[in-house]
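Asker: Dropping a structure here in structure tokens format, bear with me for questions.
The values are calculated or read from the model by the stated rules, or taken from the named source; none is laboratory data. A quick note: this is a predicted structure, and the numbers were derived from the prediction, not measured. Using ideal geometry, Cβ is built from the backbone for each residue, glycine included, and neighbour counts are taken over all protein chains shown. These accessible areas exclude ligands, DNA and RNA; they are computed on the full protein's heavy atoms, side chains included. Shrake-Rupley method; radii C 1.70, N 1.55, O 1.52, S 1.80 Å.
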Amino acid sequence: RRVLFLVDTRNLGEQAEQEFMRYLPNDDNRTFTELYNVQRLTSNHIDDASQVVISTIQRLYSILKGEPLDESAELVNPAERKTLRREPMPVVYNPALPIEFFDFIVIDECHRSIYNLWQQVLDYFDAFLIGLTATPDARTFAFFHENVVSEYTHEEAVADGVNVGYDVYAIETEVTRQGAEIKAAGQYVPRRDKLTRRKRWELLDEDVRYGGKDLDRDVVNPSQIRLVLRTYRDKLPEIFPGRKEVPKTLIFAKNDSHAEDIVRIAREVFGEGNDFCKKVTYKAEEDPQSVLSQFRNDYNPRIAVTVDMIATGTDVRPLEALIFMRDVKSRNYFEQMKGRGTRVLGYDDLKKVTPSTRTPKTHFVIIDAVGVTKSIKTDSRPLERKPGVPLKDLLYGAMLGMHDEDALISLANRLARLNQQLDEPERAQIAAIAGKPLPQITRDLLAAVDPDRIEARARELAGGLGPGEEQRQQAREALAREATAVFTGELNELIEGIRRSHEQIIDEQNPDRLLRAEWDGEARENAQKLARDFEDYLREQRDELTALGIFFDQPWRRREVTYGMLKEVLARLRRDRPQLAPLRVWRAYAQLDALPANASPKSELTALVALIRRVTGLDETLTPFDETVNRNFKRWVFGRHQGAGQKFNEAQMAWLRMIRDHIAASHHLEREDLELEPFDQAGGLGRMWRLFGEQMDGIIDEMNEALAA
């Protein structure tokens, strides 16, 4: 009767709603939302007529608790917040939402904390649970009792053409690898407030040494950011041959301040305006959902910069490049981030946003600027109790009702320490939003875990009698709820922003230097494997496809290979092995043969011809077929003019150049092709007869043989 589709961020809920709205069943011309009532919860009211309910786990918990939800709680998934909670957050029976309300609960991104800290929300309902994830870990299998209903690996998806694979291109700079040293030497250096980005100048007392990991946290080196982006710009012809515009690119930044720097410098490096590169974070001035929609569907922005907002779960199908300017220590999180690039996209749809593409999306490229593909990673993001939990996570937990004693004491201590660092305007800002000063907030938190205060409140609840454990628990919850009611998204952001507003040093003394920019070693191994797979496939099909049989077994007959024969090879390849798309295999051979960046095929078909020639040994290295045709054309014309054959006038040469271009694009010219474009515009078959007379057919045969040699 009713299905719950459970997500852990508002962004994923909106995306799920859009997918339901687009989905067209095979047996009906109406969309899913025309057949069934779909409601995405934006308040705590569930319509009785709803058949599919889309909700965040945070909102569902607030409904069960009978409390309003701070909207900002839905922006970040709980897995990104460490907590100090030891026991599950309590859920009690709510008659407005009985346990039998849902028949099925589909849990999106079920590898995350949705079934850990929040498991009691799922346990509340008497419903079948279905989990969806691209990156299951040990906890995922344990929660679902290792009951895997359906499994589809990335490798299978790539082989089937459902996903695309990727290559890695490494950019390494001196400052990224080893940091630098800012010399004091009586010099003034700029410092910048992280929150307001206001600059001031200060005389250094001593030299400042920083490592690569300190970049964009304690020290900003604009030269390092600029060098990475400039190298990406300059290497685009090598990474994406034949492109006239920057492919849709997503850059992962360390934090919001880092993202701001990248956006500003990217616009400068590429010489483009604000529309070219935009920030997609929760703190972006422009509505992030609007920017995300533009990034998916419009020509601009070409580059988007994010921290975590679209690192997981978000589809941007035209995306072809991921630039990592931050490291990631979680294997699962890294796989999720890589997943942003795996979405397939057809030629027509990709061309709408990237006009110069000549193929559908065949792969994506990871630009590794920080060694993220080489760093050691753990199996999952830490969710258990640990010391040193960030203040932002304690604030988030308080806002969502995580009221255990450890969390409240830790938060009180952090806020007390922070209060010592604040100036009066900052204290006034906090008091204005919270309705009370920070010291009072701290005192309320400590009072909520004070045994005497708890006992006194419990006595009130017991009507002055000796309280039992039930009254004491109610008293604890009431005091904690009152103490944490002050924490909202707005206050949390202000406190966290003030905490982070210690200044950064801006290093303008150390210009960065490029150490290497090349395909990663793993990418070369992938290229070798792709080349072997392609060669094996061609050899398997040599007895099935006429063109391949001629190239392998009777290469002297290759002038007889027609356009139709080659199209048959291309169609079979697309059907059997979509991952062996000719332009993708071309890039693999281009790496192995060290082709110059500007060497690229004119079309998928000419790429296929050049690859067949390379595999069958006609060419020792990969050579664009149009270059082979041009070289042979010059040799043929020169031989004609030097020998006893017909010497051509300018009108004849113009016609012969059209034939050359046709053979470069289609490998072969048939007599009937002369009635097609571009020949028909110049007079067609009749015009060639007038130009060459009875020698016409002989000229065609000669050119087919000589130019495809």
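Asker: Can you tell which of E172, E155 is modelled with pLDDT of 85 or more, touching a strand residue (DSSP E or B) at 6+ places or on another chain (Cβ under 9 Å) and not hydrophobic (A, V, I, L, M, F, W, C)? Give the derivation first.
Answerer: Numbers: E155 fails: modelled with pLDDT of 85 or more.
E172 is the lone residue from the list that is modelled with pLDDT of 85 or more, touching a strand residue (DSSP E or B) at 6+ places or on another chain (Cβ under 9 Å) and not hydrophobic (A, V, I, L, M, F, W, C).
Asker: Just checking, which of A428, A416 is at pLDDT 85 or above and more than 17 Å from R476 (Cβ to Cβ)? Spell out how you get there, then give the answer.
Answerer: Details: A416 fails: at pLDDT 85 or above.
One residue alone meets the criteria, A428.
Asker: Restricting the search to the stretch 29-59, which residues are of a type in the set (S, T, N, Q) and open to solvent by 20 Å² or more (accessible area, probe 1.4 Å)?
Answerer: Taking the stretch 29-59 as the starting set, the residues that turn out to be of a type in the set (S, T, N, Q) are 29, 31, 33, 37, 39, 42-44, 50-51, 55-56, 58.
Listed by number, the residues that qualify are N29, T31, T33, N37, Q39, T42, S43, N44, Q51.
Asker: Something else: Does N26 satisfy the criteria of being among the polar types (S, T, N, Q) and surrounded by 13 or more Cβ atoms within 10 Å (Cβ to Cβ)?
Answerer: On the way: among the polar types (S, T, N, Q): yes; surrounded by 13 or more Cβ atoms within 10 Å (Cβ to Cβ): no.
It is false that N26 is among the polar types (S, T, N, Q) and surrounded by 13 or more Cβ atoms within 10 Å (Cβ to Cβ).
Asker: List every residue pair whose Cβ atoms lie under 6 Å apart, where the two residues are 6 or more positions apart in sequence or sit on different chains, the first residue falls within the stretch 681-709 and is under 18 Å from K647 (Cα atoms) and without any contact (Cβ under 8 Å) to a residue 60 or more places away in the chain, and the second residue, located anywhere, is of a type outside the set (A, V, I, L, M, F, W, C) and surrounded by 15 or more Cβ atoms within 10 Å (Cβ to Cβ).
Answerer: Final answer for the pair search is L691/Q652.
Asker: Can I ask one more? Scanning the stretch 379-412 for residues that are modelled with pLDDT under 75 and open to solvent by 50 Å² or more (accessible area, probe 1.4 Å), which turns out farthest from A448 (Cα to Cα)?
Answerer: The extreme case among them is D379.
Asker: Would you confirm whether or not the stretch 472-487 contains a residue that is outside any helix (DSSP H, G or I), in contact with a strand residue (DSSP E or B) (Cβ under 9 Å, 6 or more places away or on another chain) and within 30 Å of T281 (Cα to Cα)?
Answerer: Taking every residue of the stretch 472-487 in turn, none turns out to be outside any helix (DSSP H, G or I), in contact with a strand residue (DSSP E or B) (Cβ under 9 Å, 6 or more places away or on another chain) and within 30 Å of T281 (Cα to Cα).
Asker: Right, next: Just name the residue that is modelled with the lowest pLDDT out of those in the stretch 175-191 that are open to solvent by less than 50 Å² (accessible area, probe 1.4 Å) and within 30 Å of the chain's Cα centre (by Cα).
Answerer: Residue satisfying both the conditions and the ranking: G179.
Asker: Under 6 Å between Cβ atoms, which residue pairs at least 6 apart in sequence (or on different chains) link something in the stretch 392-407 that is without any contact (Cβ under 8 Å) to a residue 40 or more places away in the chain with a partner that is in a helix (DSSP H, G or I) and open to solvent by less than 10 Å² (accessible area, probe 1.4 Å)?
Answerer: Going by the 6 Å Cβ cut-off, there are no qualifying pairs.
Asker: A follow-up question, please. Could you tell me whether any residue of the stretch 508-524 is crowded, with 17+ Cβ neighbours inside 10 Å, in a helix (DSSP H, G or I), touching a residue at least 24 places away in the same chain (Cβ under 8 Å) and touching a Ser or Thr at 6+ places or on another chain (Cβ under 6 Å)?
Answerer: Among the residues of the stretch 508-524, not one is crowded, with 17+ Cβ neighbours inside 10 Å, in a helix (DSSP H, G or I), touching a residue at least 24 places away in the same chain (Cβ under 8 Å) and touching a Ser or Thr at 6+ places or on another chain (Cβ under 6 Å), which makes the answer no.
To keep it simple, each residue is scored yes or no on (1) of a type in the set (D, E); (2) at pLDDT 80 or above.
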site	(1), (2)
R296	no, yes
I310	no, no
G313	no, no
Y333	no, no
G341	no, yes
D348	yes, yes
K352	no, yes
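Asker: Identify the single condition in (1) over 21 Å from the mean Cα position of the chain (by Cα); (2) modelled with pLDDT under 90; (3) of a type outside the set (D, E) that S257 does not satisfy, given that it satisfies every other one.
Answerer: If we test S257 against (1) over 21 Å from the mean Cα position of the chain (by Cα); (2) modelled with pLDDT under 90; (3) of a type outside the set (D, E), just (1) comes out false.
Asker: When N704 is evaluated against the numbered criteria (1) out of contact with any His (no Cβ under 8 Å at 6 or more places or on another chain); (2) in a helix (DSSP H, G or I); (3) under 25 Å from F552 (Cβ atoms); (4) not acidic (D, E), which criterion, by number, is the only one it fails?
Answerer: (1)
Asker: Additional query: Residues in the stretch 69-88: is at least one at pLDDT 75 or above, open to solvent by 20 Å² or more (accessible area, probe 1.4 Å) and assigned to a helix (DSSP H, G or I)?
Answerer: Within the stretch 69-88, the first condition is being at pLDDT 75 or above, and the residues that meet it are 69-75.
Narrowing further to those that are open to solvent by 20 Å² or more (accessible area, probe 1.4 Å): 69-72, 75.
Narrowing further to those that are assigned to a helix (DSSP H, G or I): 71-72.
Checking the stretch 69-88: at least one residue is at pLDDT 75 or above, open to solvent by 20 Å² or more (accessible area, probe 1.4 Å) and assigned to a helix (DSSP H, G or I).
Asker: Yes or no: the stretch 275-287 includes at least one residue that is at pLDDT 85 or above and out of contact with any strand residue (DSSP E or B) (no Cβ under 7 Å at 6 or more places or on another chain).
Answerer: Within the stretch 275-287, the first condition is being at pLDDT 85 or above, and the residues that meet it are 275-280.
Those left that are additionally out of contact with any strand residue (DSSP E or B) (no Cβ under 7 Å at 6 or more places or on another chain): 275.
Taking every residue of the stretch 275-287 in turn, at least one turns out to be at pLDDT 85 or above and out of contact with any strand residue (DSSP E or B) (no Cβ under 7 Å at 6 or more places or on another chain).
Asker: Cβ-Cβ under 7 Å, sequence separation 6+ or interchain: first residue in the stretch 527-539 and on the phi < 0 side of the Ramachandran plot, partner not in a helix (DSSP H, G or I). Which pairs?
Answerer: Partner pairs satisfying both residue conditions: Y537/R577.
Asker: I need the full set of residues from the stretch 241-254 which are over 17 Å from the mean Cα position of the chain (by Cα) and not small (G, A, S), in order please. I'd like the intermediate steps shown before the answer.
Answerer: As a first pass, look at the stretch 241-254 and keep what is over 17 Å from the mean Cα position of the chain (by Cα): 241-245.
P241, R243, K244, E245, listed by residue number.
Asker: Scan the stretch 544-555 and tell me whether some residue there is open to solvent by 60 Å² or more (accessible area, probe 1.4 Å), touching a Phe, Trp or Tyr at 6+ places or on another chain (Cβ under 7 Å) and part of a loop (DSSP other than H, G, I, E, B).
Answerer: no
Asker: Testing F144 on (1) at pLDDT 85 or above; (2) surrounded by fewer than 17 Cβ atoms within 10 Å (Cβ to Cβ), one condition comes back false. Which one is that?
Answerer: Only one criterion in (1) at pLDDT 85 or above; (2) surrounded by fewer than 17 Cβ atoms within 10 Å (Cβ to Cβ) is unmet by F144, namely (2).
Asker: Could you grab me the full set of residues in the stretch 334-368 that are hydroxyl-bearing (S, T, Y) and in contact (Cβ under 8 Å) with a residue 40 or more places away in the chain?
Answerer: Going residue by residue through the stretch 334-368, those that are hydroxyl-bearing (S, T, Y) are 342, 347, 354, 356-357, 359, 362.
Those that are hydroxyl-bearing (S, T, Y) and in contact (Cβ under 8 Å) with a residue 40 or more places away in the chain: T342, T354, S356, T357, T359, T362.
Asker: Quick one: N11 ticks every box in (1) closer than 27 Å to D287 by Cβ; (2) touching a strand residue (DSSP E or B) at 6+ places or on another chain (Cβ under 7 Å); (3) buried (at least 20 other Cβ atoms within 10 Å of the Cβ) except a single one, so which number is it?
Answerer: Here N11 meets the rest and fails (2).
Asker: Would you confirm whether any residue within the stretch 484-505 is of a type in the set (S, T, Y) and open to solvent by 60 Å² or more (accessible area, probe 1.4 Å)?
Answerer: Looking only at the stretch 484-505, we keep the residues that are of a type in the set (S, T, Y), and these are 484, 488, 501.
With the extra rule that they be open to solvent by 60 Å² or more (accessible area, probe 1.4 Å), the set shrinks to none.
No.
Asker: Shifting gears a bit: Can you pull out the helices (runs of 4 or more DSSP H) entirely within the stretch 596-690 that have at least 3 residues that are at pLDDT 80 or above and exposed (fewer than 14 other Cβ atoms within 10 Å of the Cβ)? Break it down into steps so the answer makes sense when it comes.
Answerer: Details: elements: 604-615, 625-642, 650-666.
So the answer is 625-642, 650-666.
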